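Engineer: Questions regarding the structure given below will be posed in turn.
The values are calculated or read from the model by the stated rules, or taken from the named source; none is laboratory data. Keep in mind the model is a prediction, meaning the values are calculated, not measured. Every residue, glycine among them, receives a Cβ derived from its backbone with ideal geometry; neighbour counts consider all protein chains shown.
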Amino acid sequence: MPGASRSRGAAMNRPFDHGVTATVTDDPGQHRSQPEADAPMISRSLRLPVDLDRQLREHARARGLGSATLMRQLIEAGLAELDDTVVVPLADVRRVLAELARRHQAA
């Protein structure tokens, strides 16, 4: 039954699925869109150097995520960076700049 396998995989990943926010930024108030829970997923095979895989697993563990979830979130964030057509609200830009200035002054 094809749907059962997908449901079982979604159920197994549910405890580890957190927003991209925790992965990409320290700001818990920043919200990013998430794929729908029932969105079809495609499995990809990826060969990584041992050291890169170790780093990935460490970062995923520190965030309470599975490695595949962290890879998916990082890919989503990277693709968003490539999209020059995205419009960002000016208030968000100002908030990020203010936070960066605050961190710079504190350092």
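Engineer: Of (1) assigned to a helix (DSSP H, G or I); (2) closer than 28 Å to Arg103 by Cα; (3) at pLDDT 90 or above; (4) not small (Gly, Ala, Ser), Leu65 satisfies all except one. Which?
Structural biologist: For Leu65, the exception is condition (1).
Engineer: For the range 76-89, which positions are exposed (fewer than 12 other Cβ atoms within 10 Å of the Cβ) and part of a helix (DSSP H, G or I)? Step through it out loud before you land on a result.
Structural biologist: To start, the set of residues in the range 76-89 that are exposed (fewer than 12 other Cβ atoms within 10 Å of the Cβ) comprises 78-79, 81-89.
Across the range 76-89, the qualifying residues are Gly78, Leu79, Glu81, Leu82.
Engineer: Under 8 Å between Cβ atoms, which residue pairs at least 6 apart in sequence (or on different chains) link something in the range 47-61 that is under 15 Å from Arg72 (Cβ atoms) with a partner that is part of a loop (DSSP other than H, G, I, E, B)?
Structural biologist: Once the first residue is under 15 Å from Arg72 (Cβ atoms) and sits in the range 47-61, its partners that are part of a loop (DSSP other than H, G, I, E, B) give Leu56/Leu48; Ala60/Gly66.
Engineer: So, in the range 45-64, how many residues would count as being of a type outside the set (Asp, Glu) and surrounded by 11 or more Cβ atoms within 10 Å (Cβ to Cβ)? Give the derivation first.
Structural biologist: Taking the range 45-64 and keeping what is of a type outside the set (Asp, Glu), we get 45-50, 52, 54-57, 59-64.
Subset that is surrounded by 11 or more Cβ atoms within 10 Å (Cβ to Cβ): 48, 54-57, 59-61, 63-64.
Here the count works out to 10.
Engineer: Sticking with this one: In the range 37-57, which residues are within 15 Å of the chain's Cα centre (by Cα) and at pLDDT 90 or above? Before you say what the answer is, go through the steps one by one.
Structural biologist: Taking the range 37-57 and keeping what is within 15 Å of the chain's Cα centre (by Cα), we get 37, 56-57.
Correct list: Leu56, Arg57.
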